[in-house]
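Since the structure comes first, as structure tokens, the remarks are kept for the end.
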Amino acid sequence: MQVFLIRHAHALDAEDNYSRALSSRGRGQVERLIRYFRANGELKPQELWHSPLVRARETARLLADGLGWEGPRTEAEILEPNGDPQAVLQRIQASAVDLALVGHEPLLSVLGTLLLQSPGHPVFVRMGLADVLCAERPAPGGQAPWGQRWHVSPDLLNSG
């Protein structure tokens, strides 16, 4: 099973945090991700969950449409910026399908850290804007620790 943690792309400033839309920079970040993942096929979730905040919903929609994801899309309040990472982790562990979660900081960094921590191997995950982290559980339903397959930042991808 794979979980793709995706932080929303760059957004405009607004008084109402919930209504902040993606900026042109943010749309460009998503376009770079789409080109990258179209070329390598590494981002293929079976389900997509996203925060109800506009910038996360837009990031999720652009990625799903750009990469042709056919699976269900679910708005999940638990993915808001101050959502409970333990509650999200429990929902992930109850799932048997590859998931893409589009959300915010600080939730995603804490969630990534929780997924990848193991006794004697401290880890700290930091999710930048529009970063995508792939965590994998080696055996379906197994108790083996999660491992990081890759972590991509659109700002490090070629814009051409």
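Every residue, every condition in (1) surrounded by 16 or more Cβ atoms within 10 Å (Cβ to Cβ); (2) touching an Asp or Glu at 6+ places or on another chain (Cβ under 7 Å); (3) at pLDDT below 95; (4) at positive phi, yes or no:
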position	(1), (2), (3), (4)
S24	no, no, no, no
L33	yes, no, no, no
G41	no, no, no, yes
H50	yes, yes, no, no
R55	yes, no, no, no
E58	yes, no, no, no
D65	no, no, no, no
E70	no, no, yes, no
Test: residue in the range 99-120 that is touching a helix residue (DSSP H, G or I) at 6+ places or on another chain (Cβ under 8 Å), part of a loop (DSSP other than H, G, I, E, B) and either hydrophobic (A, V, I, L, M, F, W, C) or at pLDDT below 95 (or both): no
Residues of the range 15-47 classified as assigned to a helix (DSSP H, G or I) and hydrophobic (A, V, I, L, M, F, W, C), total: 5
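If the requirement is being surrounded by 13 or more Cβ atoms within 10 Å (Cβ to Cβ), more than 13 Å from the chain's Cα centre (by Cα) and either polar (S, T, N, Q) or over 14 Å from L5 (Cβ atoms) (or both), which of these qualifies: Q46, Q86?
Working: Q86 fails: surrounded by 13 or more Cβ atoms within 10 Å (Cβ to Cβ).
Step by step, each of Q46, Q86 is checked, and only Q46 is surrounded by 13 or more Cβ atoms within 10 Å (Cβ to Cβ), more than 13 Å from the chain's Cα centre (by Cα) and either polar (S, T, N, Q) or over 14 Å from L5 (Cβ atoms) (or both).
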Boolean, A9 is closer than 16 Å to V152 by Cβ, under 13 Å from the mean Cα position of the chain (by Cα) and part of a loop (DSSP other than H, G, I, E, B): yes
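Counting only residues that are in a loop (DSSP other than H, G, I, E, B), within 20 Å of L43 (Cβ to Cβ) and among the polar types (S, T, N, Q), how many does the range 64-98 have? Don't jump to the end; show me each part of the working.
Initially, the range 64-98 is screened for residues in a loop (DSSP other than H, G, I, E, B), giving 68-72, 76, 80-84, 95-98.
If we keep only those that are within 20 Å of L43 (Cβ to Cβ) too, we end up with 68-72, 76, 95-98.
With the extra rule that they be among the polar types (S, T, N, Q), the set shrinks to 95.
Going through the range 64-98 one residue at a time, the tally reaches 1.
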Pairs where the first residue, in the range 128-139, is assigned to a loop (DSSP other than H, G, I, E, B) and crowded, with 18+ Cβ neighbours inside 10 Å and the second is of a type in the set (G, A, S) and modelled with pLDDT under 95, C-beta under 7 Å, 6+ apart: R137/A144
Within the range 1-22, considering residues that are out of contact with any helix residue (DSSP H, G or I) (no Cβ under 9 Å at 6 or more places or on another chain) and in contact (Cβ under 8 Å) with a residue 12 or more places away in the chain, the one surrounded by the fewest Cβ atoms within 10 Å (Cβ to Cβ): N17
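The values are calculated or read from the model by the stated rules, or taken from the named source; none is laboratory data. Source: prediction; values computed, not measured. All Cβ positions, even for glycine, are placed from backbone atoms using ideal geometry, and neighbour counts span all protein chains on display.
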